[in-house]
Amino acid sequence: MSDKYLQPWMSTAYSTMGIKETPGRKNTVKIMEWAKMLELTKDYSADSIPWCGLYVAYVVAMVGCEPVNNPLWALNWKKFGKGLDQPAFGCVVVFVRKGGGHVGFYVGEDAYNYM
């Protein structure tokens, strides 16, 4: 894909692939560093807390974009950027699900799922 279509934050997003929360009482240092950098440690104190909103906030902040207010709440990301009729590579996607929401970056889809 041509770089002119690449959202500026996607290189940061790709560089974080494979990071996951640590099972049990310990925390993944990298995830906790994101919370500290974004000054969210009051609300984000352990990687057992859903971190999709934290992740998106970190990625967009790394290229100078302002995260949404209360970025830990996935559904707040509906307020980020401009709405699109169709998803485009690198756009922020927000899903409603039982118990709340989920947020991430669109990289493709198949007949059943967004990726």
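Just a few scattered comments:
- Residue list for segment 95-113, restricted to those being open to solvent by 40 Å² or more (accessible area, probe 1.4 Å) and either of a type outside the set (Val, Ile, Thr) or not in a loop (DSSP other than H, G, I, E, B) (or both): Phe95, Val96, Arg97, Lys98, Gly99, His102, Glu109, Asp110, Ala111, Tyr112, Asn113
- Pro87 vs. criteria farther than 18 Å from Tyr114 by Cβ and out of contact with any helix residue (DSSP H, G or I) (no Cβ under 8 Å at 6 or more places or on another chain): no
- When we screen Val103, Val29, Val56 for residues that are touching a Gly at 6+ places or on another chain (Cβ under 6 Å) and hydrophobic (A, V, I, L, M, F, W, C), the only hit is Val103.
- Single residue of segment 44-63 satisfying the filter (farther than 20 Å from Asn27 by Cα and assigned to a helix (DSSP H, G or I)) that is least open to solvent (accessible area, probe 1.4 Å): Val60
- Looking only at residues of segment 13-43 that are among the small types (Gly, Ala, Ser) and part of a loop (DSSP other than H, G, I, E, B), we find that the one that is surrounded by the fewest Cβ atoms within 10 Å (Cβ to Cβ) is Gly18.
- Every test in (1) over 11 Å from the mean Cα position of the chain (by Cα); (2) in contact (Cβ under 8 Å) with a residue 12 or more places away in the chain is passed by Arg97 save one, and that test is (2).
- Residue check for Val107: modelled with pLDDT under 95 and within 18 Å of Ile19 (Cα to Cα): yes
- Restricting segment 64-94 to residues that are out of contact with any strand residue (DSSP E or B) (no Cβ under 8 Å at 6 or more places or on another chain) and open to solvent by less than 60 Å² (accessible area, probe 1.4 Å), the residue that is farthest from Trp34 (Cα to Cα): Ala88
The values are calculated or read from the model by the stated rules, or taken from the named source; none is laboratory data. Values in this document were obtained by computation on a predicted structure and should not be read as measured data. Positions of Cβ are backbone-derived with ideal geometry, glycine not excepted, and every protein chain shown enters the neighbour counts. Side chains included, ligands, DNA and RNA excluded: accessible areas come from the protein's heavy atoms. Shrake-Rupley method; radii C 1.70, N 1.55, O 1.52, S 1.80 Å.
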